[in-house]
Amino acid sequence: MLFKIRKNWHLTENQTTSESVYLQRRQIIQKLGVLAATAPLAAPASAGLFDVFSSKKKEAPDKRTALDSVASPFSDPSLELTPEKKVLTYNNYYEFGTAKHQPAENAQSLVTDPWQVKVEGNVHKPMTIDFYDLLKQIDIEERIYRLRCVEAWSMNIPWLGFPLSKLIQLAKPMGNARYIAFQTLYDPEQMPGQKDRYLGGGIDYPYVEALTIEEAMHPLTLIAVGLYGKTLAPQNGAPLRLVVPWKYGFKSIKSIVKIRLTENRPPNTWNLLAPHEYGFYANVNPNVDHPRWSQASERFIGEGTLFSSRRQKTLMFNGYADEVASLYKDIDLRRNY
Ligand code: MTE
């Protein structure tokens with residue numbers, strides 16, 4: 001039996017919105033244990049907030065399908081959700097363009113089935129996993145998490161996924177594995193930003209990211225395979241991506257094809273591009289500003305227009321301090337940004 005555990009990052013009831021209709025539906029479905037009958041349906045870009053409120057969007061075909069899920073004690077059902085449409089149309093996915101509206105427009109032809117993921121490096125059981133086989137075998141949880149971008153905007157998203165630790169354990173890590181490196185698909189024919197330096201923001205592709213083994217094994221660290229009750233749309237990183245809710249969004253690498261366990265710290269894309277602006281840790285921290293802007297507050301992307309969207313205080317570790325601060329107790333967070 002699953003109990004709703006009230007976590008310290010929970011907000012109060014009066015912050016729930018019309019998206020609570022969605023939540024109620026999900027909660028009823030989860031209680032009944034049945035699936036909703038949904039039909040198939042030189043910075044991370046400059047803020048670009050107008051994009052999300054612009055009405056001049058091309059309507060993208062929706063190839064997502066419904067996904068069953070179980071409730072999770074790590075979810076925060078009291079969070080005000082960012083509307084689904086904004087989660088789907090306000091994206092950072094430079095392989096498909098640097099403007100917020102471009103991934104939704106340019107990523108629709110990305111082939112995400114079949115999809116294989118390699119797990120290799122310092123493991124006893126290296127493997128190549130067929131993503132759809134894995135999906136059939138693993139319990140999918142719904143977790144409502146905060147997402148905080150380094151560009152000082154935030155969303156609250158109902159992700160569907162499973163703990164990264166489950167995947168890592170399948171490969172049986174060796175004792176000397178201290179880091180985990182991730183890599184996005186490299187396919188310039190499908191990803192126009194990978195062959196056009198202007199469209200792709202000057203990144204040296206493939207996009208890579210990494211975590212320490214302790215961060216990777218933390219129960220909050222999620223491999224997301226869907227959101228809002230359905231499989232991921234290509235612009236959100238289909239078919240699988242990382243979600244590390246206490247870190248800036250650039251750590252949450254999309255469309256993963258390779259996971260490698262290593263002894264030495266692997267490189268990460270934004271740190272390679274601008275090391276004095278983007279670190280390895282990238283923990284959300286209101287006390288350590290980006291060299292070009294403050295991180296003390298953030299603009300929450302919720303209902304409404306740009307002008308009615310609220311500015312709110314940034315929370316230490318994005319509100320997950322009780323769960324993760326101990327990972328960094330011996331680290332100077334100002335130097336290790
Ligand atoms: N992964 C890849 N491969 N390419 C990217 O450009 N952008 C990152 C991250 N993962 C990015 C990526 C950034 S900066 C953010 S804020 C989040 O994805 C955005 O995720 P979303 O578009 O699903 O909200």
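The values are calculated or read from the model by the stated rules, or taken from the named source; none is laboratory data. Note that the structure is a prediction, hence the values are computed from the model and not measured. Positions of Cβ are backbone-derived with ideal geometry, glycine not excepted, and every protein chain shown enters the neighbour counts. When the accessible area is computed, the model is the full protein with side chains, heavy atoms only, and any ligands, DNA or RNA have been set aside. Shrake-Rupley method; radii C 1.70, N 1.55, O 1.52, S 1.80 Å.
Annotations for the structure displayed:
- Region 184-232: translational diffusion in µm²/s, Stokes-Einstein, Kirkwood Rh over Cα pairs, 10 °C, 1.306 mPa s: 119 µm²/s
- Alpha carbon Rg of region 277-326, scaled by the compact-globule rule 2.2 N^0.38 Å: 1.31
- Heavy-atom accessible surface of region 282-337: percent carbon and sulfur, 1.4 Å: 51 percent
- Whole-angstrom Cα spans of region 134-203 along principal axes, big to small: 40, 31, 28
- Taking each residue as 0.36 nm, the span from Asp322 to Arg178 lengthens on full extension beyond its C-alpha to C-alpha distance by 49.5 nm.
- All distinct Cα pairs of region 244-285 go into the 1/r average, and the inverse of that average, the Kirkwood radius, is 11.5 Å.
- Taking trypsin sites (Lys or Arg not before Pro) across region 260-335, the ones in a DSSP loop with at most 10 further Cβ atoms lying within 10 angstrom of their Cβ are Arg292, Lys329, Arg334, Arg335.
- FRET efficiency for Glu189 and Gln108, using Cβ-Cβ distance with R0 set to 22 Å, rounded to 0.05: 0.90
- Other residues within the sphere of radius under 15 Å centred on the Cβ of Leu272, judged by their own Cβ, net out at 0 (K and R +1, D and E -1).
- Note on region 81-207: with neighbouring protein chains present and a 1.4 Å probe, carbon and sulfur make up 49 percent of its accessible heavy-atom surface.
- Rounded to whole Hz, the Karplus (6.51, -1.76, 1.60) HN-Hα couplings of region 132-149, x for glycine and proline: 6, 5, 4, 4, 5, 9, 10, 6, 9, 9, 9, 9, 8, 10, 7, 10, 10, 7
- Legend: calculated FRET efficiency, Asp330 to Arg292, from the Cβ-Cβ distance at R0 = 25 Å, rounded to 0.05, equals 0.30.
- Rel. contact order, % - alpha carbon contacts under 8 angstrom, at least six apart, region 176-267: 41 percent
- Largest first, the extents of the alpha carbon coordinates of region 179-290 on the three principal axes equal 38, 36, 30 Å.
- For region 63-195, the solvent-accessible area works out to 37 Å² per residue, with a probe of 1.4 Å and every protein chain left in place.
- Exposure of Glu209 as accessible area (Å², to 10), given a probe of 1.4 Å and all protein chains: 0 Å²
- Inter-site label distance for Asp68 and His124 at 7 Å from Cα along Cβ, in nm: 3.2 nm
- 3J(HN,Hα) couplings calculated from phi for region 326-331 with the Karplus curve 6.51 cos²θ - 1.76 cosθ + 1.60 (θ = phi - 60°) are, in sequence order, 4, 5, 10, 5, 9, 10 Hz; Gly and Pro show x.
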